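Encoded as structure tokens, the structure appears first; notes follow it.
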Amino acid sequence: MTDWAIAVTPPRWRRWLLAETPHSRLQARLSRTYLSWVTFARNPLAMLGLIIVGILVFLALFAPWIAPHNPIAGDLGNRLQPPGESHWLGTDQQGRDIWSRIIFGSRTTLLIIFMVAITAAPVGIAIGATAGYLGGKTEAILMRLTDAFLAFPKLVLALAFAAALGPGIENAVLAIALTSWPPYARIARAETLTVRSTDFVAAARLSGASDLRILIGHIMPMCMPSLIVRVSLDMAGVILIAAGLGFLGLGVAPPQPEWGAMVSEGRTQILEQWWVCTYPGVAIFVVSLGFNLIGDGLRDVLDPREG
Amino acid sequence: MKSFARVVLSVATTLFGLLLVTFVISRLLPADPVLAIVGDHASESTIEQARIQLGLDKPLLVQFGIYLGNVLQGDLGNSIRTGQPIAEELLRVFPATLELATCGVIIGVVFGIPLGVWAAVRKDTHIDHLVRFFGLIGYSVPIFWLGLMGLLVFYAKLDWLPGPGRLDFGYEELVTPVTGLMTVDTLIAGDIDLFKNALGHLILPASLLGYFSLAYISRMTRSLMLGQLRQEYILTARVKGVPERRIIWKHAMGNILVPLLTVIALSYGNLLEGSVLTETVFAWRGLGLYITDSIFGQDMPAVLGGTIVVGMIFIIINMLTDVAYRVLDPRAR
Amino acid sequence: MKPFLRSALQGSLAAVAILASSVAAQAKTPADTLVMAYVIDDFISLDPAEIYEFAASEYMANTYDRLVVIDPDNTSQLKLQAAESWSVSDDGKTFTFKIRPGIKFESGNEMTAEDAEFSMERFVLLNKNPAFIMNQFGLTAENVKDKVRVKDPMTLEVELDAPYAPSFFMNCLSYTSVVVDKKTVMEHEENGDLGHGWMRTNYAGSGPFFFRSWKPNDSLVLEANEGYWDGAPKIKRVLIKNVTESATQQLLLQKGDIDVARNLTGDQVTAVSKDPNVKIQSKPKAALWYMGLNTKNPHIAKVEVRQAMKYLVDYDGLGESMFAGTGIKHQSFLPDGQLGAYNENPYSLNVTKAKELLAKAGYPDGFNITMETTNKTEARELSASLQNTMAQAGINLIIKLADNKTTLTKYRASEHDIYLGEWGSDYQDPHSNAEGYLMAPLAKRNQWVDEARSQKVLAARDEKDSAKRAQMYVDLQKMALEESPYVIMFQRVETAALRKNVDGLIIGPTFDLNLYRDVVKH
């Protein structure tokens, strides 16, 4: 009975969110977000993406409890076992359980995504917002720099960076971050241009706030929403570049599991022990597809014309 | 004219930026570049001599100036592994990549544009969803892995397609390089069997690259097409009773042709990049394999040389599309 | 629109099908050509005075004649090549060589003692990587023109600064005595470079094969010398393609797209040996996988710790898996095949024994220690296994992977705790490794230099009686097994996988003894 009642008259929070005349800025904002979510949730593919990423996060968080075997300790007597009961996806050339390595590899993947996001986004936002807020020569120089970086081949440049810095997760993150900030700078600049002349920035300036303070306290927060969306759209690309680096031996230092490196290591056995390089590749594909599906759904919501 | 000057200026700054970045990378190296060159049994004086020869004793700014001058004159230094001029080596491997990327783009255009149009016309139907999903898969799959799987299935297991390389291995050296494009060179040699062989070797890697370009082109075509189909003139044409096929392929297509050209050019640039990992898997001796081999061989000057060339091609493609856009699109003039 | 799409699809599918069928029908490799996949990216030069890399020295061996070479079947024997005979003076300092008459270079010029003299002088004067081998005998850029002399048109004389064991000098000469065509080389001399600039990418030799083309990192083409003095090769052409991916090599071999794959991993060798169309040929090479333990580290300074580590390697497990077909268990510093090599392997994985030794040294609970190695597949896999077995006795191995140069730079500066890598003999004489491991450079890098030990090494070098000399090396190796800071584990085995119809490829004990001239394709 009660269930049915809910379906007919939405609960108060929904009514509040769906109000046609919002009473506050916050309500308007939340209302918009909620409507977007409803559109997003109606897209089955986008939801599939969300589920995939959810599983990834779950695996990464609880890896030690989910993984049936130690992902690092090998056993030469047990190497290159085909998929079976004790090893669902078989074992690799060191006798390590591939399924357990894939589970622990999800941590590496998430870590890289996260680190790239928190490195590249602040750089982009700082450059973009500064350029947009200050204008003039500073803007010209900063945006030229951004354009120059944008015209570079991303993967090749990341490869060159990583090759120069040597293998290791920090270097891989640095290499990817160095090549992925320019779009963020562009977005931050565009957002800044729209809020630069708004009343509350003018008010802050009148009350004597410094440029730096206005930038950090007022302008940058306004850039965040569109930036977060853009960053999430880029995640799949970051995963693929990271996997590519790993494949070329420029990723995480062994014995830590990384999916791209696992494909590469399994390559020598591809004819006889196909599972060694097949499954990590599937993992990369599924997770990157998950992020792409979410991104696609987001794009639909935010820009229905393009979608 | 003014806009043309702007294009030139932007190309120049971008190029400068590219060289600055590669220069910085070359100084990031943890290992001393001198030790890499002189070998195991070198004495202190030999090392010092090499250091001076490489100009490493000069201030950084001067070094950058010299570097800039050298690169602009087409001197990318010598490869550490082979001792040969990098520019020469790149020139030799480049046609292979060009051939591969071109075939990839052709496949991407031939399949991507119709698919994109189809999806746009059937917006929100199953066909639309299917095309979009198919494209998303192309965006998501690691190309090096797909290449391995392709070789495993179509070459190793089924034997439908030839394997790695640009020709069957025993024949590759029998073709005299004229253009460096294997398909063209075999035709020049007049050997139709070898030509077929070269085409066969192109199928798998080019299809892979083509898939990626298809994913991008079909998505952009769909979105551009949707933009047109909403326009009033389309409605007018429909009311007037113009056949639907004519409306789409003549009217709407005519209007998106210029932006579509940009899309195709950009996807061409992306394929050059995609070729890096594809060539590695297919032993395709082009720019991409040159770069990855150099990475494995710790030959940093060669890696940077390859980066500069790919970067320059990127910049040139961007410039050309920019110019084409201005010339072809009356609104942009 | 739909018809367009359909026809486009159909058209392309049809094209693919036609192409695929026509391609599959083609013959795989030309009958008169040996097609070989090989990692030849270490080629930096084609000049025999500069060649010092594995694959490049194989090229040299097949395209040039040397005065003498080592017999691939019996490494303690010499084989005469460009020299018809040789002798040594009573004081042991002067060597005389008679040049074989009738040897013709590709240019048509006949080989004389003048060519041999020029080649040997050039080798020393250019002072490239391998020149130090000749410097050992007092032949330097300053005096080589006096010490190497033409006695008559077909006789060459070489004078050394001291009487060394003749086997020592001749073993070294087997690598360094390449004879180049003086006239051809000097025609291309520029600014007194003795033709080096030209020779880096060209050829002036008389070997069983002539050089045809070299594309760095890509391919090398050789063509049979129909007029070779020792009989023309049976195959017309040798085509070597640089295929860096071992998986690709395996694929191509099993599909018949190549005749020989040279760089398969242990697992791949095991896999292809089951293929009825493929056969395996292998030979131990003079290169050893080892850990260098730096005695500067206070833990390693204790000999018990060093011994414990020798008990913490899964020699058999590794030998049967990763190194199956590409390495054999070997624990002494002289590789099998060299004079005096000691082939007993007293150590095996024994955690209890190792723990006892560690307790005796005062580390019942083990310790942490770092190990430097390169990020190449073999080193990576080997270090992962070592990490595993060391942990069983409480030694926590922290692995630092970097590129080869970074690691080596650190190692050369003696800034490592443990270094894992491969050491190949510079030339096929026991002195190369005895000096390396017991005097310099390895002993210096690992801080294990001792005057008395060095004296013993030099005494062995100069011993003229070969049997006595061999015994001296055996004693040194037994001592090193006990005390040395080297955990020597495997000797590299070079394995070639061939199609069944290919015969006669010689894989020798060193790369300059891998020969193609007897190859036939049935």
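If I ask for residues that are acidic (Asp, Glu) and either in contact with a strand residue (DSSP E or B) (Cβ under 6 Å, 6 or more places away or on another chain) or facing chain A (nearest Cβ under 7 Å) (or both), which ones from region B:128-155 would you list? Can you show your working first?
Taking region B:128-155 as the starting set, the residues that turn out to be acidic (Asp, Glu) are B:128.
Scanning region B:128-155 gives no hits.
A residue that is more than 23 Å from the chain's Cα centre (by Cα) and in a strand (DSSP E or B) cannot be found anywhere in region C:181-200. Of the numbered criteria (1) more than 30 Å from C:Asn388 (Cβ to Cβ); (2) aromatic (Phe, Trp, Tyr); (3) touching a helix residue (DSSP H, G or I) at 6+ places or on another chain (Cβ under 7 Å), the one A:Trp88 fails is (1).
Quick check on B:Thr292: is it part of a helix (DSSP H, G or I), more than 10 Å from every other protein chain (Cβ to nearest Cβ), under 23 Å from B:Gly180 (Cβ atoms) and within 16 Å of the chain's Cα centre (by Cα)? So that I can check it myself, show each step before the final result.
Values: part of a helix (DSSP H, G or I): yes; more than 10 Å from every other protein chain (Cβ to nearest Cβ): no; under 23 Å from B:Gly180 (Cβ atoms): yes; within 16 Å of the chain's Cα centre (by Cα): yes.
It is false that B:Thr292 is part of a helix (DSSP H, G or I), more than 10 Å from every other protein chain (Cβ to nearest Cβ), under 23 Å from B:Gly180 (Cβ atoms) and within 16 Å of the chain's Cα centre (by Cα).
For beta carbons closer than 9 Å, sequence separation of 6+ or different chains, a first residue in region A:150-179 that is more than 10 Å from chain B (Cβ to nearest Cβ) and touching a residue at least 24 places away in the same chain (Cβ under 8 Å) and a second that is part of a helix (DSSP H, G or I) and among the charged types (D, E, K, R), the qualifying pairs are A:Ile176/A:Lys154.
Of all the residues in region C:195-235, those that are in contact with a helix residue (DSSP H, G or I) (Cβ under 6 Å, 6 or more places away or on another chain) and more than 14 Å from every other protein chain (Cβ to nearest Cβ) number 5.
Looking at region C:35-99, what strands (runs of 3 or more DSSP E) fall wholly within it and have at least 3 residues that are closer than 20 Å to C:Leu515 by Cα and more than 12 Å from chain B (Cβ to nearest Cβ)? Full working, then the answer.
On the way: elements: C:68-71, C:74-80, C:83-88, C:94-99.
It comes to C:68-71, C:74-80.
Only one entry in A:Ile125, A:Ile118 is within 20 Å of the chain's Cα centre (by Cα), touching a residue at least 60 places away in the same chain (Cβ under 8 Å) and either in a helix (DSSP H, G or I) or buried (at least 19 other Cβ atoms within 10 Å of the Cβ) (or both), namely A:Ile125. None of A:Gly251, A:Gly244, A:Gly281 is more than 7 Å from every other protein chain (Cβ to nearest Cβ) and either in contact with a Lys or Arg (Cβ under 7 Å, 6 or more places away or on another chain) or touching a residue at least 12 places away in the same chain (Cβ under 8 Å) (or both) except A:Gly251.
Please pick out the residue among A:Arg96, A:Arg101 that is among the basic types (Lys, Arg) and at pLDDT below 90.
Working: A:Arg101 fails: at pLDDT below 90.
None of the other options fit; the residue is A:Arg96.
Quick check on region C:374-393. Is at least one of its residues in contact with a Pro (Cβ under 8 Å, 6 or more places away or on another chain), within 12 Å of chain B (Cβ to nearest Cβ) and of a type in the set (Val, Ile, Thr)? No, region C:374-393 has no match at all.
Just one of B:Val276, B:Val327, B:Val309 is under 13 Å from the mean Cα position of the chain (by Cα), part of a helix (DSSP H, G or I) and not assigned by TED's automatic domain parsing to the domain that holds B:Ala119; which is it? Write out each step before concluding.
Details: B:Val276 fails: not assigned by TED's automatic domain parsing to the domain that holds B:Ala119; B:Val327 fails: under 13 Å from the mean Cα position of the chain (by Cα).
Just a single option satisfies the conditions, and that option is B:Val309.
Need a quick list: helices (runs of 4 or more DSSP H) entirely within region C:242-312 having at least 1 residues that are surrounded by 22 or more Cβ atoms within 10 Å (Cβ to Cβ) and more than 14 Å from chain A (Cβ to nearest Cβ). Give the derivation first.
On the way: elements: C:246-254, C:266-272, C:303-310.
Output list reads C:303-310.
Evaluating C:Gln491 against the criteria (1) touching a Lys or Arg at 6+ places or on another chain (Cβ under 8 Å); (2) under 30 Å from C:Pro298 (Cβ atoms); (3) polar (S, T, N, Q) leaves one unmet condition, (2). Restricting region C:60-107 to residues that are of a type in the set (A, V, I, L, M, F, W, C) and over 28 Å from C:Ala162 (Cβ atoms), the residue that is surrounded by the most Cβ atoms within 10 Å (Cβ to Cβ) is C:Ala61.
Would you be able to tell me the number of residues in region C:508-522 that are under 24 Å from C:Gly227 (Cβ atoms) and either of a type in the set (Val, Ile, Thr) or modelled with pLDDT under 85 (or both)? Steps first, answer last, please.
Looking only at region C:508-522, we keep the residues that are under 24 Å from C:Gly227 (Cβ atoms), and these are C:512-521.
This time we only want the ones that are either of a type in the set (Val, Ile, Thr) or modelled with pLDDT under 85 (or both), so: C:519-520.
Total meeting the criteria: 2.
Kindly check whether there is at least one residue in region A:287-297 that is in a loop (DSSP other than H, G, I, E, B) and surrounded by fewer than 24 Cβ atoms within 10 Å (Cβ to Cβ). The answer is no; no qualifying residue exists. Please indicate, with yes or no, whether at least one residue in region C:21-32 is more than 7 Å from chain B (Cβ to nearest Cβ) and modelled with pLDDT of 75 or more. Within region C:21-32, one or more residues are more than 7 Å from chain B (Cβ to nearest Cβ) and modelled with pLDDT of 75 or more.
From the list B:Asp168, B:Asp185, B:Asp159, B:Asp191, which one is free of Cβ contacts under 8 Å to residues at least 24 places away in the same chain, of a type outside the set (S, T, N, Q) and either surrounded by 22 or more Cβ atoms within 10 Å (Cβ to Cβ) or more than 13 Å from chain C (Cβ to nearest Cβ) (or both)?
Working: B:Asp168 fails: free of Cβ contacts under 8 Å to residues at least 24 places away in the same chain; B:Asp159 fails: either surrounded by 22 or more Cβ atoms within 10 Å (Cβ to Cβ) or more than 13 Å from chain C (Cβ to nearest Cβ) (or both); B:Asp191 fails: either surrounded by 22 or more Cβ atoms within 10 Å (Cβ to Cβ) or more than 13 Å from chain C (Cβ to nearest Cβ) (or both).
Matching residue, one of B:Asp168, B:Asp185, B:Asp159, B:Asp191: B:Asp185.
Can you tell me which residue is farthest from the other protein chains (Cβ to nearest Cβ) among those in region B:171-182 that are of a type in the set (A, V, I, L, M, F, W, C) and more than 21 Å from the chain's Cα centre (by Cα)?
Going residue by residue through region B:171-182, those that are of a type in the set (A, V, I, L, M, F, W, C) are B:174-175, B:178, B:181-182.
Now drop any that are not more than 21 Å from the chain's Cα centre (by Cα), which leaves B:174-175, B:178.
Details: B:Leu174: 8, B:Val175: 12, B:Val178: 15 Å.
My answer is B:Val178.
Name, by its number, the condition in (1) within 14 Å of chain C (Cβ to nearest Cβ); (2) within 12 Å of A:Pro153 (Cα to Cα); (3) not acidic (Asp, Glu) that does not hold for B:Thr307. Result: B:Thr307 fails condition (1) only. Residue-level analysis places B:Thr125 outside the set of residues that are touching a helix residue (DSSP H, G or I) at 6+ places or on another chain (Cβ under 8 Å) and among the polar types (S, T, N, Q).
Mind checking whether some residue in region A:12-19 is buried (at least 18 other Cβ atoms within 10 Å of the Cβ) and modelled with pLDDT of 85 or more? Walk me through how you get there before you give the answer.
Restricting attention to region A:12-19, the residues satisfying the condition of being buried (at least 18 other Cβ atoms within 10 Å of the Cβ) are A:17.
Keeping just the survivors that are modelled with pLDDT of 85 or more gives none.
No: region A:12-19 contains no residue that is buried (at least 18 other Cβ atoms within 10 Å of the Cβ) and modelled with pLDDT of 85 or more.
Could you say which residue among B:Ala215, B:Ala206, B:Ala198 is more than 11 Å from chain C (Cβ to nearest Cβ) and either under 29 Å from the mean Cα position of the chain (by Cα) or not acidic (Asp, Glu) (or both)? Steps first, please.
Values: B:Ala206 fails: more than 11 Å from chain C (Cβ to nearest Cβ); B:Ala198 fails: more than 11 Å from chain C (Cβ to nearest Cβ).
None of the others qualify; the one that does is B:Ala215.
Within region C:104-116, no residue that is outside any loop (DSSP other than H, G, I, E, B) sits with its Cβ atom under 6 Å from a residue that is small (Gly, Ala, Ser) and at pLDDT below 95 at 6+ positions apart or across chains.
The single condition from (1) more than 14 Å from chain A (Cβ to nearest Cβ); (2) crowded, with 22+ Cβ neighbours inside 10 Å that C:Tyr347 fails is (2).
Among the conditions (1) in contact (Cβ under 8 Å) with a residue 60 or more places away in the chain; (2) within 24 Å of C:Glu53 (Cα to Cα), the only one that C:Ala402 does not satisfy is (1).
For a quick check of your reading: which helices (runs of 4 or more DSSP H) sit entirely within region B:1-98 and have at least 3 residues that are surrounded by 14 or more Cβ atoms within 10 Å (Cβ to Cβ), hydrophobic (A, V, I, L, M, F, W, C) and at pLDDT 80 or above? Step through it out loud before you land on a result.
Working: elements: B:2-28, B:33-38, B:44-53, B:60-72.
Those helices (runs of 4 or more DSSP H) span B:2-28, B:60-72.
The values are calculated or read from the model by the stated rules, or taken from the named source; none is laboratory data. Keep in mind the model is a prediction, meaning the values are calculated, not measured. Note that we place each Cβ from the backbone using ideal geometry, even for glycine, and neighbour counts take in every protein chain shown.
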